[in-house]
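What follows is one structure encoded as structure tokens, with my remarks underneath.
The values are calculated or read from the model by the stated rules, or taken from the named source; none is laboratory data. Remember, it's a predicted structure, so these values are computed and weren't measured experimentally. When we count neighbours, we look across all protein chains shown, and the Cβ atoms used for this are built from the backbone with ideal geometry, even at glycine. The area values use the complete protein model at the heavy-atom level, side chains included, leaving out ligands, DNA and RNA. Shrake-Rupley method; radii C 1.70, N 1.55, O 1.52, S 1.80 Å.
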Amino acid sequence: MVSEPGFLAAKPSAIPFDPTLKLSPTDGDPLPDPTSYRRLLGRLIYLTNTRPDNSFVVQHLSQFLSKPLVPHFQAATKVLRFLKSSPAKGILFSASSHLKLYAFADSDWARCPLTSKSITGYCVVLGESLICWKSKKQHTVSRSSTEAEYRALSFSVFHSFPSRFVLHFFPS
């Protein structure tokens, strides 16, 4: 991917996505060849299997596959520059770790500028090994950041564990 024409000489980036950047489906010029953007996003989607740190930005850029614009392609190339700066990162499955299950969830309240829906992200870790993760736009609009966080927590629990498991929450 990084060996595509023009990307080998690109300056590496420390972050995959500028958090202040607000991408829109209407702001910017259309790409002359949208297939290059779609091909690049397809490769990035495949890469999220071993690089979950890019899941959020790839999910965000995937919303613009039907009509990609120049700012969308520039954001996708920033992901490539980030990958160039950290080629050895990825998932490590430890052979000698304890078997405790942890789940972490978070949300970005009203992140989507078009729908005001929150973005949910979660990951599940078994011992020291990451076994499940997801970043997704919530189905409904949350009225507060607390409600968005609660939705993220419930989404992570109900989508991560098979229905045959019964989870018990004990107050501390």
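Right, residue 88: at pLDDT below 90 and open to solvent by 90 Å² or more (accessible area, probe 1.4 Å) or not? So residue 88 passes the test. Of all residues in region 52-79, those satisfying the criterion of being surrounded by fewer than 17 Cβ atoms within 10 Å (Cβ to Cβ) and free of Cβ contacts under 8 Å to residues at least 24 places away in the same chain are 62, 66, 74. Regarding region 20-29, can at least one residue be identified that is over 24 Å from residue 133 (Cβ atoms), at pLDDT 90 or above, among the small types (Gly, Ala, Ser) and open to solvent by less than 70 Å² (accessible area, probe 1.4 Å)? Within region 20-29, one or more residues are over 24 Å from residue 133 (Cβ atoms), at pLDDT 90 or above, among the small types (Gly, Ala, Ser) and open to solvent by less than 70 Å² (accessible area, probe 1.4 Å). Cβ-Cβ contacts under 7 Å between residues 6 or more apart (or on different chains), taken from a first residue in region 37-51 that is among the polar types (S, T, N, Q) to a second residue that is at pLDDT below 90, are listed as 48/54; 48/55; 50/90; 50/91. For beta carbons closer than 7 Å, sequence separation of 6+ or different chains, a first residue in region 80-108 that is touching a residue at least 60 places away in the same chain (Cβ under 8 Å) and a second that is among the basic types (Lys, Arg), the qualifying pairs are 81/11. When residues in region 113-136 are screened for being open to solvent by 50 Å² or more (accessible area, probe 1.4 Å) and closer than 23 Å to residue 21 by Cβ, 8 of them pass.
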